[in-house]
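**Student:** The structure follows.
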Amino acid sequence: MQSTLNAAINYHQLNFQWKSQKPTSRKFITSPKILPLTNSLRTSINYEPEEGLDKVPGSPGSEPNSVLRLPVVIRQSGRVSRYIYEGNSLKLVSLDGGAGSFSLDFEDAFRKLVRVSGFGIKDFFIPKQVPENYMGYVKWKFLHRVFSSALQVLATQAMFRAIGIGYSRSLPSAAALNWVLKDGLGRLSRCIYTASLASAFDTNLKRVRFTTSVLFSLSIGVELLTPTFPQYFLLLATLANIAKQISLACYLATGSAVHRSFAIADNIGEVSAKAQIQTVCFDNLGLMLAALLNMLFKNNQRLLAGLPFFVYPIFSAIDLFGIYQGLQHVHLQTLTKDRLEIILNSWIDFGHVPSPAEVSKEEGIDFLWTKNKELWPIRIGCLNTNSEIPKLSMMAMQSLTSEDYYFVCMESSYREWTRIKPRGILLCLREGSGTADVIMGLLQACYIRKALLFSSVWETAVEDKDASDLVFKEWFKLIDDCKQSAKRDLSTLNDQMGSLGWALKHILLSTEEQARYSFVDD
């Protein structure tokens, strides 16, 4: 124990040498360069010289010198035009064909028609100002919505067959009652789910959304089984509708956050409106796909009845794959505990603040809950009284002052929901603590974890009730050193995070992470 303690004491003489040096800002001195007016105009509108930028046609019979080309070019809906002053009138002349061009070049006309149509379709579906990853998101959304819509049509047809609609022996009143009951129970479950999982929509958006998408896909499969077991229609339909309502609640709750991540110009209204247009158009294509399948097998009722069971695994796999890939293109700028921890670890190890796209790639969806399995995990909350509280934690609380808005301590392993939580580091926040306190406290906790991974002294000291005073002294010295390092880095860290687009105004925390303590000075 003495030898390991000496190793821990010598560790502090390193003064945190594992951290790389922060990159210094470099200034580049460039001399101004004046570009010719025509060249700069061509570059700004991505217009090729051979399209005739300098060949502005005038009216018949006019002299070339009487036409004054003005340095203003307009690009709108795929068409490029330029203002000219001819005689005493101002004209807007098209550059992709010319005002006086009567050429019957059908190939060139077709190319221009395709280009103009492409720009028109893009303006119809895509917002004006969105990041580059938005197009990837829309492509995967198209795949997801088309096959999901087709599956829903086939499932609805199966449920109609299950309750006997279209046959003389059907009982309309009983069918209507069953339909109302399954919808009512589904909506009630949706309210309960939304109320119990409200904070998770922000802190674990991608995970919750993909999980509920899997649930929605399974609900389609249950609905397809209703014709096979018509006597259990109400039970099967109710279970399926509960799953669908839960998925719908998650989709609506997380939709605004997804749209906000793409609204780089605060155009969230436009992004939301375009998203509705995309959904309607893509769903209609799914309806057409389902109708086409029905038309192909309409002459064979046996094949038509077995069609859903054949296409379900294929369509649902494509649907879920599209959702998964689409979520990979969603780069959220809001800070959560997990995202902030990724940023701080990168800062400590490399002196670099990752961008939202880099954090999104590392964060992933974590559908199988495989993350946070590292040694000394960091948790935000309060001490768990179900486990034995280490003496180091009690001493950390005892040393608090009125100027402290958080404290960091160790916590031993404990059981929660039959799962054993390993030894870790706990960050406790005080009432009134702000965003800066959360960032600094978590940065200090990350520094402490880095130190603990370099030394094995503290693995036994956590639960050692008879630890010497030298151990306690060394522990508080480690906490103080890490706190000073966090204070030193906080300003530069915040500046770099703000420059990369991270939202520093608030940090989204789960219900458990929102627990606060009050300081009482006896």
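The values are calculated or read from the model by the stated rules, or taken from the named source; none is laboratory data. Note that the structure is predicted; figures quoted are calculated from it, not measured. Ideal geometry is used to build each Cβ from the backbone, glycine not excepted, and the neighbour counts take in all protein chains shown. To get the accessible areas, we keep the full protein, side chains included, count just its heavy atoms, and leave off ligands, DNA and RNA. Shrake-Rupley method; radii C 1.70, N 1.55, O 1.52, S 1.80 Å.
**Student:** If you go through the stretch 299-334, how many residues are part of a helix (DSSP H, G or I) and more than 30 Å from Pro354 (Cα to Cα)?
**Tutor:** Counting residues in the stretch 299-334 that are part of a helix (DSSP H, G or I) and more than 30 Å from Pro354 (Cα to Cα) gives 19.
The rows are residues; the columns are (1) under 27 Å from Pro131 (Cβ atoms); (2) touching a Lys or Arg at 6+ places or on another chain (Cβ under 9 Å); (3) modelled with pLDDT under 90.
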{"position": "Phe201", "(1), (2), (3)": "yes, yes, yes"}
{"position": "Val208", "(1), (2), (3)": "yes, no, yes"}
{"position": "Thr211", "(1), (2), (3)": "yes, no, no"}
{"position": "Ser219", "(1), (2), (3)": "no, yes, no"}
{"position": "Leu224", "(1), (2), (3)": "no, no, no"}
{"position": "Phe233", "(1), (2), (3)": "no, yes, yes"}
{"position": "Thr238", "(1), (2), (3)": "no, yes, yes"}
{"position": "Asn241", "(1), (2), (3)": "no, yes, yes"}
{"position": "Ile246", "(1), (2), (3)": "no, yes, yes"}
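**Student:** Going by the structure shown, is Leu293 at pLDDT below 90 and in the same structural domain as His144 (by the TED database)?
**Tutor:** So Leu293 does not fit the description; no.
**Student:** Still on this structure: Has the stretch 263-272 got at least one residue that is closer than 26 Å to Phe367 by Cβ and hydroxyl-bearing (Ser, Thr, Tyr)?
**Tutor:** No, the stretch 263-272 contains no residue that is closer than 26 Å to Phe367 by Cβ and hydroxyl-bearing (Ser, Thr, Tyr).
**Student:** So, one more: Looking at Leu383, Leu392, which is the one that is assigned to a loop (DSSP other than H, G, I, E, B), modelled with pLDDT of 70 or more and either in the same structural domain as Leu509 (by the TED database) or more than 20 Å from Gly432 (Cα to Cα) (or both)?
**Tutor:** Leu383
**Student:** Let me ask another. Could you check the stretch 133-153 and list, in sequence order, the residues that are under 14 Å from Leu307 (Cβ atoms) and buried (at least 22 other Cβ atoms within 10 Å of the Cβ)?
**Tutor:** Listed by number, the residues that qualify are Ala150, Leu151.
Here is a yes/no grid of residues against (1) of a type in the set (Val, Ile, Thr); (2) surrounded by fewer than 21 Cβ atoms within 10 Å (Cβ to Cβ):
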residue: Val330; (1), (2): yes, no
residue: Leu344; (1), (2): no, no
residue: Asp349; (1), (2): no, yes
residue: Pro356; (1), (2): no, no
residue: Gly364; (1), (2): no, yes
residue: Pro377; (1), (2): no, yes
residue: Gly381; (1), (2): no, yes
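**Student:** Pairs needed: first member in the stretch 482-502, more than 26 Å from Cys409 (Cβ to Cβ); second member anywhere, of a type in the set (Ser, Thr, Tyr) and open to solvent by 10 Å² or more (accessible area, probe 1.4 Å); C-beta distance under 6 Å; at least 6 residues apart or different chains.
**Tutor:** From residues that are more than 26 Å from Cys409 (Cβ to Cβ), the pairs are Leu500/Ser355.
**Student:** Which fully enclosed strands (runs of 3 or more DSSP E) of the stretch 415-516 have 2 or more residues being modelled with pLDDT of 90 or more?
**Tutor:** Per the criteria, 424-430, 503-508.
**Student:** For the stretch 122-132, name all the residues that are closer than 16 Å to Phe262 by Cβ and open to solvent by 20 Å² or more (accessible area, probe 1.4 Å).
**Tutor:** Scanning the stretch 122-132 gives Lys122, Phe125, Lys128, Gln129, Val130, Pro131, Glu132.
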